């Protein structure tokens, strides 16, 4: 089959947010295991993938896949949920020393996620048996103190992100927390990404709130998994509205692929690219969001002027 424009744009692209297997338990399979995913990304001509797990640091798997020289750069990350100690600066530093490139703030274990009955309840709660009595009353993780300022752990993590040139992603924090975090990151010269802000009711950031992040130098992450039928069912046109409101220079495109009922991550990203082109997003803008901006965030390219 002749390559279409979306296939050509997938060549050299970087997916900065997708999930491997095992993600949480062996009973939660993805469409591909990590080797198959990396190989598929290489076969599609992709330049890189960021492996994300809600539970474990992915630096070990990323390192092994990198050593196999499959033809694609594999980047590790850490997500600051309870299994890694939550907002633990030591966990961040060790992950950085082990090659991590992205730090995701709490997701399933965030106060915002738990309070809104999102992923913690259906994904983690069923597995809490022996530790149930200890865990059941945990309110979830937040980056804020009672006075509304960033807590000491979060401030230390921001400084580590600066020291190790790590990307700081907001995870499943509330938009109010994320705006505080972005402001502090901007003050310290840390690269910041607002994670899938369209997800509702989990984050549901307004266009103006996204613009605030962009105005502070942060990036808006758009993911295609939210458009899939087993997820939020977001209309792709809403993503176009985000891109038009904040500018492609402040956006990234990622798959956030997870679960076996979805296509593999490279195909999800190809579908995303094809959908944006079909909705009139200029080819140069799609390239910027899938190539230029991820390259800058991961330190593969020089500074990009806004």
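The values are calculated or read from the model by the stated rules, or taken from the named source; none is laboratory data. Just so it is clear, the model here is predicted, and its values are computed rather than measured. All Cβ positions, even for glycine, are placed from backbone atoms using ideal geometry, and neighbour counts span all protein chains on display.
From the list 267, 249, which one is in a helix (DSSP H, G or I) and within 30 Å of residue 25 (Cα to Cα)? Of 267, 249, the one residue that is in a helix (DSSP H, G or I) and within 30 Å of residue 25 (Cα to Cα) is 267.
Report yes if some residue within segment 111-128 is assigned to a strand (DSSP E or B), at pLDDT 85 or above and either surrounded by 14 or more Cβ atoms within 10 Å (Cβ to Cβ) or out of contact with any strand residue (DSSP E or B) (no Cβ under 9 Å at 6 or more places or on another chain) (or both); otherwise report no.
No - not one qualifying residue is present in segment 111-128.
Report yes if residue 199 is touching a strand residue (DSSP E or B) at 6+ places or on another chain (Cβ under 9 Å), at pLDDT 95 or above and surrounded by fewer than 23 Cβ atoms within 10 Å (Cβ to Cβ), otherwise no. So residue 199 fails the test. Collect the residues in segment 86-107 that are more than 14 Å from the chain's Cα centre (by Cα), within 17 Å of residue 151 (Cα to Cα) and crowded, with 24+ Cβ neighbours inside 10 Å, keeping them in residue-number order. Listed by number, the list holds a single entry, 92.
Here segment 213-246 is the region considered, the condition is being touching a helix residue (DSSP H, G or I) at 6+ places or on another chain (Cβ under 7 Å) and assigned to a strand (DSSP E or B), and the residue that is farthest from residue 279 (Cα to Cα) is 219. The number of residues in segment 150-198 that are more than 14 Å from residue 219 (Cα to Cα) and not in a loop (DSSP other than H, G, I, E, B) comes to 19.
Every residue in segment 86-102 that is within 11 Å of residue 62 (Cβ to Cβ) and assigned to a helix (DSSP H, G or I), please. Across segment 86-102, the qualifying residue is only 95. From the list 210, 289, the one residue that fits, being in contact (Cβ under 8 Å) with a residue 40 or more places away in the chain, crowded, with 17+ Cβ neighbours inside 10 Å, assigned to a helix (DSSP H, G or I) and under 17 Å from the mean Cα position of the chain (by Cα), is 289.
Does at least one position in segment 268-289 carry a residue that is closer than 16 Å to residue 194 by Cα and touching a strand residue (DSSP E or B) at 6+ places or on another chain (Cβ under 8 Å)?
yes
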